[in-house]
Amino acid sequence: MRIYKTFIVAFVLLMSILLATTISAEKILTIPDDLNDVLDKDAETVSYPNLDIKEISVDREGNQIELSLELISGGKILESGFIVAYSIYLTTNKNMYEAMYSYSEADLEDLGLGGDGVIITAYPIDASLEDGVDVNVKSYSGIGTNELKIVFDLLSGNEKCISIDAISMYMSDLAGSSTYIDELVVDSSDFPSIDAGGTYYADAKEKVTFEGTIDEGNPDDYNWLWTIHDTSVTKEGSTAQHTFLIPGTYTGTLFVYDNQGRYAEEDFTVEVSGTSSNGDNNGDNNEPGFETIVMLAAIAIALIIIRKRR
């Protein structure tokens with residue numbers, strides 16, 4: 001009996017570890033780039049290994065973003081000042097982030113580059129860069145190597161990374177006479193079309209059911225995220241529910257995305273009628289996810305079995 005109980009404990013703990021690993025893996029977005037696609041100033045393809053992007057990835061875990069830009073073997077980030085600038089565009093369900101690195105010397109001022117280090121600016125998806133705010137960079141590393149990492153926090157507590165839309169990297173010689181560029185752009189043209197449903201109607205303090213559809217494929221193969229504008233409300237799944245506490249007209253956006261950076265989005269409206277109620281309309285937004293429930297249950301079972309053994 002003791003061996004049997006030990007086996008159960010080991011099995012439960014193993015499943016918890018495997019589940020945690022699976023959840024973590026799903027939060028890594030990796031986008032490879034075509035090799036040997038560097039262009040010169042005349043738009044001619046050239047072989048320039050110090051610039052060719054291999055892949056870019058982002059860790060979506062929590063509210064912290066870790067961007068990783070990797071060049072092919074032999075490439076170097078900002079080696080001897082030759083790679084002078086890059087820009088990375090990252091989309092979340094609330095904002096657009098532009099991460100930039102520029103390296104300036106006296107001989108390069110005519111290229112319009114200034115500063116030395118990483119700058120990240122965030123602005124609402126439907127706004128312009130002029131409306132943005134600077135985001136504090138927690139750390140960055142990799143200068144002089146072929147992999148650059150940048151870590152920063154998102155602006156909102158329940159903000160989630162949807163995609164890395166594009167990256168551009170420029171290299172020039174010190175005289176500015178020869179310029180090379182490598183770009184990575186995520187193509188969502190063949191992504192399924194989505195429908196967030198018509199205008200939703202409900203009374204205050206009653207649940208609203210959101211139902212999204214795609215025109216092809218299995219909905220379970222994609223990530224679904226419903227975001228209510230001007231609130232902290234986000235919901236996951238092709239079908240989701242939320243209780244609004246205060247009457248009014250609400251707008252939101254449905255994001256459907258995969259782990260290769262492709263995505264689609266569509267706006268929706270919610271009309272809530274009835275008597276006003278105290279609250280901030282977060283409603284039932286803090287419900288634990290399925291993965292969290294399973295993991296907590298597994299840990300609880302393991303603790304119960306261990307206690308019985310004692």
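Among the residues of region 153-185, how many are within 20 Å of Pro124 (Cα to Cα) and either of a type outside the set (Lys, Arg) or at pLDDT below 85 (or both)?
The first filter runs over region 153-185 and keeps only residues within 20 Å of Pro124 (Cα to Cα), leaving 153-167.
Checking the rest, the ones that are also either of a type outside the set (Lys, Arg) or at pLDDT below 85 (or both) come to 153-159, 161-167.
So the answer is 14.
Give Val185, Val118 a once-over and let me know the one that is without any contact (Cβ under 8 Å) to a residue 24 or more places away in the chain and of a type outside the set (Gly, Ala, Ser). Let's see the steps before the verdict.
Numbers: Val118 fails: without any contact (Cβ under 8 Å) to a residue 24 or more places away in the chain.
Result: Val185 is the single residue among Val185, Val118 that is without any contact (Cβ under 8 Å) to a residue 24 or more places away in the chain and of a type outside the set (Gly, Ala, Ser).
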Residue within region 152-170 that is more than 27 Å from the chain's Cα centre (by Cα) and surrounded by 14 or more Cβ atoms within 10 Å (Cβ to Cβ) present = no
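One line per residue, one yes/no per condition, for (1) modelled with pLDDT of 90 or more; (2) in contact with a helix residue (DSSP H, G or I) (Cβ under 8 Å, 6 or more places away or on another chain); (3) not assigned by TED's automatic domain parsing to the domain that holds Ile150; (4) not in a loop (DSSP other than H, G, I, E, B):
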site: Leu51; (1), (2), (3), (4): no, no, no, no
site: Glu55; (1), (2), (3), (4): yes, no, no, yes
site: Ile88; (1), (2), (3), (4): yes, no, no, yes
site: Thr91; (1), (2), (3), (4): yes, no, no, yes
site: Tyr97; (1), (2), (3), (4): yes, no, no, yes
site: Asp107; (1), (2), (3), (4): no, no, no, yes
Residue in region 210-226 that is within 14 Å of Phe268 (Cα to Cα) and acidic (Asp, Glu) present | yes
Is one or more of the residues making up region 183-197 outside any loop (DSSP other than H, G, I, E, B), among the β-branched types (Val, Ile, Thr) and farther than 20 Å from Glu55 by Cβ?
-> yes
Taking only region 26-49 into account, find how many residues are farther than 16 Å from Val185 by Cβ, assigned to a loop (DSSP other than H, G, I, E, B) and at pLDDT below 90.
-> 7
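The values are calculated or read from the model by the stated rules, or taken from the named source; none is laboratory data. What you are looking at is a predicted structure, and each value in this text was computed from that prediction instead of being measured. Counting neighbours? That spans all protein chains shown, and the Cβs are built from the backbone with ideal geometry, glycine included.
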